[in-house]
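The values are calculated or read from the model by the stated rules, or taken from the named source; none is laboratory data. Not measured: the values here are computed from a predicted model. We place every Cβ from the backbone using ideal geometry, glycine too, and count neighbours over all the protein chains shown.
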Amino acid sequence: MNLHRLDLVSLSLFTLVVRTGSISKGAEFAHLAVGAASKRISDLEAAVDAELFDRHSRGVTLTAAGEALHRHAQRILHDVDQLSAELSDHARGVTGVVRLWANTSAITQFMPTDLASFSVLHPAIRIQMNEADSHEVVLAVLEGRADLGVFADRTPAHGLQTLPYRKDRLVLVVHPGHPLATRRRISFAEAASYDFVSLSQGTSLAQRLALASVQIGVPLRIRIHVRSFDAMCQMVAAGLGIAVLPGTAVQPLVKALGLRKLELTDDWVDRELLLGARDLAALPRPARSLLDHFEDQRQAAQRRPG
């Protein structure tokens, strides 16, 4: 087995054959003659010393060895694309790239202003932003797919070093015709007997609600799960339930949809968003610059009244 014989053209062709289920169609997308494509696939199989495809009259399917190569080929080609983009950035005068993952709460409430001011100060640094659930953010940083992550407290983050980013507060959002709409303040226990709209179960917000329901001994009545704050507010507006959401993040939606926002009196509604990295001291210079900027913005927010 001589894996150094692998080349990017053959790996790209291989992934196209997998995607299309046909060597001839893969060759067409790769702009290669069918004979040349077949030869490259045969050379790949010789290099890995295993058959990559089962051939049949309807096309080809992956063998176990083919599935293993496909996983790694996708990663290799992705890394090459990233390298190409980074070198292109350097050619255009961009001096660094920061891979930043953050949860919806951070992106909705704080990131636009923070990243805009950072871009003014550091125009040569490009931010690659990904939005994901808190546990996915942590995993991306642990696996090296992100330099920095922003996620909710209470998210398991063993293996990461963390710093405070910002704080937010959860509120109860209800339809104006709901029985609770006349209240201004309410405990979670008082609201728990009504139908709820929630994010998917793996999100930090859904897990926080589940823990709160266990603590008061009342099962949470989830009527529907959705994937965004926007969708949650739309469902509340349709009368499908009430929802616990970060107050600042949903204020524009609450106003636009004519919903009511009630203060929750429980301690757990005060949340902290955290910044995490595998090793804060070993961050690349562009990521370190962004981290320092986030800290400056946090301190400035604390000094502002209200």
Selection status of residue 212, small (Gly, Ala, Ser), closer than 30 Å to residue 148 by Cβ, assigned to a helix (DSSP H, G or I) and in contact (Cβ under 8 Å) with a residue 40 or more places away in the chain: yes
Selection count, region 237-273, where residues are within 30 Å of residue 161 (Cβ to Cβ), of a type in the set (Gly, Ala, Ser) and assigned to a loop (DSSP other than H, G, I, E, B): 0
Residue that is nearest to residue 195 (Cα to Cα), among those in region 239-270 that are charged (D, E, K, R) and surrounded by fewer than 19 Cβ atoms within 10 Å (Cβ to Cβ): 261
Considering residues of region 40-52 that are assigned to a helix (DSSP H, G or I) and not polar (S, T, N, Q) only, the residue surrounded by the fewest Cβ atoms within 10 Å (Cβ to Cβ): 46
Qualifying residues in region 60-93 (those that are among the β-branched types (Val, Ile, Thr) and at pLDDT 90 or above) - the one farthest from residue 286 (Cα to Cα): 60
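Okay, residues lined up against (1) surrounded by fewer than 22 Cβ atoms within 10 Å (Cβ to Cβ); (2) over 23 Å from residue 247 (Cβ atoms); (3) not assigned by TED's automatic domain parsing to the domain that holds residue 284:
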{"position": "107", "(1), (2), (3)": "yes, no, no"}
{"position": "118", "(1), (2), (3)": "yes, yes, no"}
{"position": "125", "(1), (2), (3)": "yes, yes, no"}
{"position": "130", "(1), (2), (3)": "yes, yes, no"}
{"position": "145", "(1), (2), (3)": "yes, yes, no"}
{"position": "174", "(1), (2), (3)": "no, no, yes"}
{"position": "179", "(1), (2), (3)": "yes, no, yes"}
{"position": "189", "(1), (2), (3)": "yes, no, yes"}
{"position": "193", "(1), (2), (3)": "yes, no, yes"}
Residue in region 23-39 that is within 17 Å of residue 76 (Cα to Cα), assigned by TED's automatic domain parsing to the domain that holds residue 71 and surrounded by 14 or more Cβ atoms within 10 Å (Cβ to Cβ) present: no
Leading residue by the ranking (farthest from the chain's Cα centre (by Cα)) among those in region 227-236 that are in a helix (DSSP H, G or I) and of a type outside the set (Gly, Ala, Ser): 236
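Return the residues of region 194-231 that are of a type in the set (A, V, I, L, M) and in contact with a Pro (Cβ under 9 Å, 6 or more places away or on another chain); say none if nothing qualifies. Outline the logic, then answer.
Step one: of region 194-231, the residues of a type in the set (A, V, I, L, M) are 197, 199, 205-206, 209-212, 214, 216, 218, 220, 222, 224, 226, 231.
Within region 194-231, 205 is the sole residue that qualifies.
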Number of the condition not met by residue 55 [criteria: (1) surrounded by fewer than 13 Cβ atoms within 10 Å (Cβ to Cβ); (2) in a helix (DSSP H, G or I)]: (2)
Residue list for region 4-22, filter: hydrophobic (A, V, I, L, M, F, W, C) and either free of Cβ contacts under 8 Å to residues at least 40 places away in the same chain or surrounded by fewer than 19 Cβ atoms within 10 Å (Cβ to Cβ) (or both): 6, 8, 9, 13, 16
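For every residue, the table says whether it meets (1) aliphatic (A, V, I, L, M); (2) modelled with pLDDT of 90 or more; (3) not assigned by TED's automatic domain parsing to the domain that holds residue 113.
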| residue | (1), (2), (3) |
| --- | --- |
| 205 | yes, yes, yes |
| 233 | no, yes, yes |
| 239 | no, yes, yes |
| 244 | yes, yes, yes |
| 258 | no, yes, yes |
| 292 | no, yes, no |
Residue list for region 274-290, filter: assigned to a helix (DSSP H, G or I) and either surrounded by fewer than 19 Cβ atoms within 10 Å (Cβ to Cβ) or in contact with a Lys or Arg (Cβ under 9 Å, 6 or more places away or on another chain) (or both): 280, 281, 282, 285, 286, 287, 288, 289
Single condition residue 136 does not satisfy, out of (1) more than 13 Å from the chain's Cα centre (by Cα); (2) surrounded by fewer than 24 Cβ atoms within 10 Å (Cβ to Cβ): (1)
Residue list for region 210-233, restricted to those being of a type in the set (A, V, I, L, M, F, W, C) and under 20 Å from residue 254 (Cα atoms): 224, 226, 229, 231, 232, 233
